[in-house]
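Okay, structure first, notes after.
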Amino acid sequence: MVNSPAAAGTPAAPVGSILLLEDDPLLAALISGHLTRAGYAVMHAEDGAAGLSMLQKVLPDLILSDVMMPNMDGLTFLSKVRADRMYRAIPVVLLTTKNKVEDIVSGFHVGADDYLVKPFKPEELLARVQAKMVRPPVPAEELPRERQTGLMTEAAFRDEALREWHRADRGGYQGVLACLAFEEMERVRARLGSTVDATLGYQVARILTGGGDPLASFGRARDGTFLMLLPGVEPDFARERLALLAQHIVSTRFEAAGEKLRLTPSIGYAAFADAQRPEDLLGLARVATDHAVAHLDLQPSRFDPAMVAEAAERKKAATGLGRRLEKVRLPLQIVATFAAALLFPFTLYWLMGSWGMDISWGVYVAVAIMIVLTALFIWIEGILAMRRIDPPEAEHYPAASAIIAAYLPNEAVTLESTIEAFLKVDYPGPLQIILAYNTPKDMPFEQVLRDISRRDPRFVPLRVVGSTSKAQNVNSALSRVSGEFVGVFDADHQPDPGAFRRAWNWLASGYDVVQGHCFIRNGDASWVARMVAIEFEQIYAVSHPGRARLHRFGIFGGSNGYWKTERLRSIRMHGFMLTEDIDSSLRVIENGGKIASDPHLISRELAPTDLKALTNQRLRWAQGWFQVSLKRIGPMLRSKNLTFRNKLGAFHLLIWREIFPWVSLQVFPIVAYWAWRAGGLDRLDWFVPLLFVLTVTTLATGPGQIFFTYFLADPEHRKKKGWFAYYLLVSFFFYSEYKNLLARVAQLKELMGERAWKVTPRSVAPPAA
């Protein structure tokens, strides 16, 4: 038996009104009878047009609509209802004979709250109607509170602020509206994914609502900013409360996606008396918050009219001509490189052919040879990487040091987790951990660093005054290094407990530097992070060790690399190089040093999680490689410390690798020229043996790389077989050419003298000096 309003008999007055849209008069009468006996007031319309007309006169509590009706069908009616703000919150139940899955899905996509298929049982109809009456669905944008945090939505908070402002205006007492923002949130989202908003929002909400003030109201804006309404509070007292809140937040360790985070609160507020109109109050508080973000000093900022001019200046600078040119520069450079790689060769073939000198076949043979040789090198690297090589166990373990290079405030958010990971390293000898950081201003997080140092004397926080680069931070820290060898790390790296022990085993066996395996630990964050996770397995488990065995020298990749201290002190890092790590590697090799590559020396880091961050990172890497290639190829080929095999490796690493992104596209202008000369693509002979060999080689190399990568990858990633198949597809259709494109653009940027340092959100560098 259905628990409906009619269960206790027909009530004296209707318990709700229902608009019924049904063109069949008999069925309309039947449904109306069931609903009326259950205590509902029923209005009837024969089609959607009549239903819309009725809605203009009275709003029902629920709409029950057929789908197939004349003049205007139920789905069209429903789409118009959902488009009108006046009707958007009315529950709509579709009642129809259309019972296919795609019909039901279409109904829900248009905006139905429930879907009942004819024929139906009266008890089921009444139960569904009552459920929507008791718990009416509300559009997400009109919810009074967020589901994840329990805070008021922005719309509800604005309404509450409006009421309090008018109450204060009548009663004469003061009040304050405040905004709380976290400067790190954009980078946190980029690093850990968008779901971090809900996780951190809930934790912050617990702090805000735990103050015990029954009159205070708390909300959250659509952009993630937290909102606070403090009625009956004088501005000076509000400032004290907000300052205590800031101190509470900055001393709290938040947790999200397995990371321990520190957040820097910026609070701006406006007193009710600061606003001429209640509608302006939130905007004034936002202006004050922007001012607080610019200072990051934990001091709440009250709105001042001078801040408006300051904000206007910042907006003007952000939207100036330079910014507009910056937005179009990269697209224009991409177009220019495609023109150079495709249009210029085609024009050259056409001109030479018109003069009776066809060079296209000779170029095609050269291109085919280079592509086949590149594929051969890839296969050789994979085969050479298959054999595991472990260093011999050292007889003793001397003092060791670690240098963590960081820039605050951008990397403060996860830095504490990084430090804790280093403090857990299991090394038999003394271990010193130096955090070499630069920051433009004093940061509250520095107190956290001092507290850790007092708790564990192995940790040494070192603020490098005047530094603007990682190279300066590392070089400065070398004066404090006490270990016989030193590991160099970025701020997001967390080495495995046995990493330093294994690293010394390599160094004790005759190597000057050993490069470890950088493992991506946030591959689940986004499709980009997943792609980079497998790419790093390909790089550090296959390419680096295989190439080191092929060329007889390895490469230091900037992080998770371990140096004999005296070698690093003599080589140093050059801050004027975009990839100071590659530059220092090649100078070691050029001087006769030895660099090992160990895929089992693990450190876990964070990958970019969106394409923009990845593009900035890879452009910097590619331009840095090109910069190093131009600077170091001559000295390496002339070096008396390198063997012939080493020099062939240098040529492959620095020249061949820079040429290949251009060569990889040359098949297209050649085939286009041949098709133009033959009168169409259909007249070409596609079964030329060389073309067949080139096609097979190209198609086989990708799966071959994935085979080696899967076989040699870290066991934690090998569990995720789907990631490897995903990477194979993405790499074939997008990622390989994407990286080649960035390499071509990077060369153009370097030749144009454009050396702006744009790094990933996980490791944001300071502005250029």
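Using DSSP, restrict attention to beta bridges with both residues in the chain and report what percent are antiparallel, rounded to the nearest 5.
40
Give a residue-ordered list of calculated ³J(HN,Hα) values for region 185-200 (Karplus: 6.51 cos²θ - 1.76 cosθ + 1.60, θ = phi - 60°; whole Hz; x for Gly, Pro).
4, 4, 6, 5, 4, 5, 7, 10, x, 5, 5, 5, 4, 5, 5, 5
Could you tell me the accessible area of Glu186 in Å² (1.4 Å probe, neighbours in place), rounded to the nearest ten?
Looks like 140 Å² after rounding.
Once amide H atoms are built 1.01 Å from N in the peptide plane, which residues 5 or more positions from Leu151, or in another chain, come under 5 Å H to H?
Glu146
How long is the gain from Arg147 to Arg85 if the chain were fully straight, where each residue apart is worth 0.36 nm and the alpha carbon distance is subtracted?
Once the chain is fully extended between Arg147 and Arg85, it gains 20.2 nm.
Take Arg638, Arg167 and sort them by solvent-accessible surface of the protein heavy atoms, 1.4 Å probe, largest at the top.
Arg638, Arg167
Whenever you get a sec, compute what percent of the accessible area on region 572-630 sits on carbon and sulfur atoms (1.4 Å probe).
Heavy-atom surface of region 572-630 belonging to carbon and sulfur, 1.4 Å probe: 55 percent.
Select from Ile359, Gln538, Gly680 the residue farthest towards the positive end of the dipole of the chain; place +1 on Cβ of Lys and Arg, -1 on Cβ of Asp and Glu, and compute about the Cα centre.
Farthest towards the positive end: Ile359.
With all protein chains present, how much of the accessible area of region 204-298 (probe radius 1.4 Å) comes from carbon and sulfur, to the nearest whole percent?
After summing per-atom areas, the C and S share lands at 49 percent.
When the Cα centres of region 129-180 and region 19-90 are compared, how far apart do they sit, in Å?
Between the Cα centres of region 129-180 and region 19-90 lies a distance of 30 Å.
Using only the Cα atoms of the chain, what are the Rg and Dmax in Å?
33.3, 105
R0 = 45 Å: FRET efficiency of Ala339 with Ala399, Cβ-based, nearest 0.05?
According to the calculation, E is roughly 0.20.
Which ³J(HN,Hα) values in Hz, rounded to whole numbers, follow from the phi angles of region 704-711 under the Karplus curve 6.51 cos²θ - 1.76 cosθ + 1.60, where θ = phi - 60° and Gly and Pro get x?
Once θ is set to phi - 60°, the couplings for region 704-711 become x, 4, 5, 4, 4, 4, 5, 5 Hz.
Averaged per residue, what accessible surface does region 56-155 expose to a 1.4 Å probe, in Å²?
Ligands and nucleic acids excluded, the result is 53 Å² per residue.
Please work out the Cα center distance from region 339-362 to region 593-646, rounded to the nearest Å.
What the calculation gives is 34 Å, centre to centre.
Normalised by the number of residues in the chain, what is the relative contact order in percent for Cα pairs under 8 Å and 6+ residues apart?
That works out to 11 percent.
Given Cβ point charges of +1 (Lys, Arg) and -1 (Asp, Glu) and nothing else, what value in debye, to the nearest 20, does the dipole of the chain about its Cα centre take?
With only Lys, Arg, Asp and Glu charged at Cβ, the dipole is about 2460 debye.
Quick one: putting +1 on the C-beta of Lys and Arg, -1 on the C-beta of Asp and Glu, what dipole do you get for region 236-316 around its Cα centre, in Debye to the nearest 20?
Dipole size: approximately 200 debye.
Could you tell me the calculated FRET efficiency between Lys640 and Ser479, based on Cβ-Cβ distance and R0 = 35 angstrom, to the nearest 0.05?
The pair Lys640/Ser479 has a calculated efficiency of 0.65.
When Lys and Arg each count +1 and Asp and Glu each count -1, what net charge do the other residues less than 12 Å away from Leu423, Cβ to Cβ, add up to?
-1
Could you report the accessible area of Phe576 in Å², rounded to 10, computed with a 1.4 Å probe on the protein chains as they sit in the structure?
130
Under a 1.4 Å probe, what is the accessible area of region 391-527 per residue, stated in Å²?
Heavy-atom accessible area per residue stands at 34 Å².
Nothing charged except the Cβ atoms of Lys and Arg (+1) and of Asp and Glu (-1): what's the magnitude of the dipole of region 499-557 about its Cα centre? Round to the nearest 20 debye.
180
Could you tell me how far the Cα centroid of region 223-289 sits from the Cα centroid of region 529-568, in Å?
45
Rounded to a whole number, what % of the accessible area of region 651-749 do carbon and sulfur atoms account for, probe 1.4 Å?
The C+S portion of the solvent-accessible surface of region 651-749 is 74 percent.
Sort 640-648, 71-79, 432-440 by packing, meaning the average of other beta carbons within 10 Å per residue, with the highest value first.
Result, highest mean Cβ count within 10 Å first: 432-440, 71-79, 640-648.
Per residue, what accessible area does region 218-302 have, given a 1.4 Å probe and all protein chains present, in Å²?
For region 218-302, the solvent-accessible area averages 41 Å² per residue.
Checking the a/c ratio against 1.5 first, then a/b against b/c, what shape does the Cα gyration tensor give for region 587-645?
Cα axes put region 587-645 in the oblate bin.
Using a basic spin-label model with each label point 7 Å from the Cα along Cα→Cβ, how many nm lie between Asp685 and Trp350?
Each label point lies 7 Å from its Cα, and together they span 2.6 nm.
Which one, Ala112, Leu64, Val101, is farthest towards the positive end of the dipole of region 57-177 when Lys and Arg carry +1 and Asp and Glu -1 on their Cβ?
Result: Leu64, furthest along the dipole toward the positive end.
Hey, what angle do you get for helix 667-678 against the long axis of the chain, alpha-carbon based, 0 to 90 degrees rounded to 10?
Helix 667-678 sits roughly 90 degrees off the main axis of the chain.
Please give the length that would be gained between Lys424 and Val465 if that part of the chain were fully extended, namely 0.36 nm times their separation in residues minus their C-alpha to C-alpha distance (nm, one decimal).
11.9 nm
How about region 104-204: which chymotrypsin sites (Phe, Trp or Tyr not before Pro) there are in a DSSP loop, with at most 16 other Cβ atoms within 10 Å of their Cβ?
Passing both the DSSP loop test and the Cβ count: Phe120, Tyr173.
The values are calculated or read from the model by the stated rules, or taken from the named source; none is laboratory data. These figures come from a predicted structure and were not determined experimentally. Every residue, glycine as well, gets a Cβ built from its backbone with ideal geometry; the counts of neighbours run over all protein chains shown. For accessibility, only protein heavy atoms count, side chains too; no ligands or nucleic acids. Shrake-Rupley method; radii C 1.70, N 1.55, O 1.52, S 1.80 Å.
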